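What follows is one structure encoded as structure tokens, with my remarks underneath.
The values are calculated or read from the model by the stated rules, or taken from the named source; none is laboratory data. Predicted model, so just to flag it, every value in this text is computed and none were measured. Heads up, the Cβs are rebuilt from the backbone with ideal geometry, glycines too, and the neighbour counts pull from every protein chain shown.
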Amino acid sequence: MLVAPSILSADFGKLQSEIKAICDAGCDFVHVDVMDGHFVPNLTIGPVVVSAAVKVSSKPLDIHLMVQNNTFFTELFAPLKPKYLSFHIEEEKHPHRLIQKIKSFGISPAIVLNPHTPPKSIEYILEELDMVLLMSVNPGFGGQSFIPSTLKKIDILRKMIDDAGLKTLIEVDGGINDKNIHSLKSAGADIIVAGNYIFSSPSYKNAIDSLRI
């Protein structure tokens, strides 16, 4: 299991040292939640802050857009050269076009599904994606409880990917800890995003290691 700590739960007063700490603790990606205050009822950070903060990162970025006007934000964050850039299918009228734009920057495209959105909604663009991010909480805030029905969605999506012979990864975000990680692994998740569980732990390394099963 690959682990992507979400800096949404980090101490923003010392963001650079927090990012360095999770990288030193052995994370695989640094997950950045970008919220615009419109698609979700919260506002986070822009590319100027992120570019300054991640200068200390030894791990690739995993940027999750929770915004309206995905194309605008894609162009804003593309210069940071994240490994993954994900956008919500619920907010995009032309997902195939945006996927191609993300690829044109040399970035791996990913689509995000909210808890109520079925995997079937991306059936015809699945082969274009390097990753699908399933939200296991309603997006907008950290520290929420895991929605159990996500496990069924992982199982369905895993079957879709395997039946199509694809290598698309499944990432899951929201309410993940050492109590539900085994169920997520069994269902077929490849990458997990954890914020509060890691950043509230006295040892980031121990928290990350407990998720790497």
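For LYS205, the criteria (1) in contact (Cβ under 8 Å) with a residue 40 or more places away in the chain; (2) crowded, with 20+ Cβ neighbours inside 10 Å hold in every case but one, which is (2). When the criteria are applied in full, GLY174 meets the requirement of being on the phi > 0 side of the Ramachandran plot, buried (at least 22 other Cβ atoms within 10 Å of the Cβ) and at pLDDT 95 or above. Taking the numbered list (1) surrounded by 21 or more Cβ atoms within 10 Å (Cβ to Cβ); (2) in contact (Cβ under 8 Å) with a residue 60 or more places away in the chain; (3) closer than 18 Å to SER86 by Cα in turn, THR168 passes all entries but (2).
Note on the range 158-213: enclosed helices (runs of 4 or more DSSP H) holding 2 or more residues that are charged (D, E, K, R) and over 15 Å from the mean Cα position of the chain (by Cα) are 204-211. The set of residues from the range 52-78 being in a helix (DSSP H, G or I) and either out of contact with any Pro (no Cβ under 7 Å at 6 or more places or on another chain) or modelled with pLDDT under 95 (or both) comprises ALA52, ALA53, VAL54, LYS55, VAL56, ASN70, THR71, PHE72, PHE73, THR74, GLU75, ALA78. Taken together, the criteria place ILE198 among residues that are at pLDDT 95 or above, crowded, with 19+ Cβ neighbours inside 10 Å, more than 30 Å from SER121 (Cα to Cα) and touching a Phe, Trp or Tyr at 6+ places or on another chain (Cβ under 8 Å). Give the residues of the range 95-110 that are outside any helix (DSSP H, G or I) and either over 17 Å from the mean Cα position of the chain (by Cα) or more than 16 Å from PHE72 (Cα to Cα) (or both), sorted by residue number. Passing the criteria: PHE105, GLY106, SER108, ALA110. Being among the charged types (D, E, K, R) and in contact with a helix residue (DSSP H, G or I) (Cβ under 8 Å, 6 or more places away or on another chain) is true for just one of GLU127, GLU123, GLU171. Which residue is that? Step by step, each of GLU127, GLU123, GLU171 is checked, and only GLU123 is among the charged types (D, E, K, R) and in contact with a helix residue (DSSP H, G or I) (Cβ under 8 Å, 6 or more places away or on another chain).
Of the residues making up the range 86-102, those that are under 22 Å from VAL32 (Cβ atoms) and in contact (Cβ under 8 Å) with a residue 24 or more places away in the chain number 11.
In the range 111-156, the residue that is nearest to the chain's Cα centre (by Cα) out of those that are polar (S, T, N, Q), within 11 Å of GLU90 (Cβ to Cβ) and part of a loop (DSSP other than H, G, I, E, B) is ASN114.
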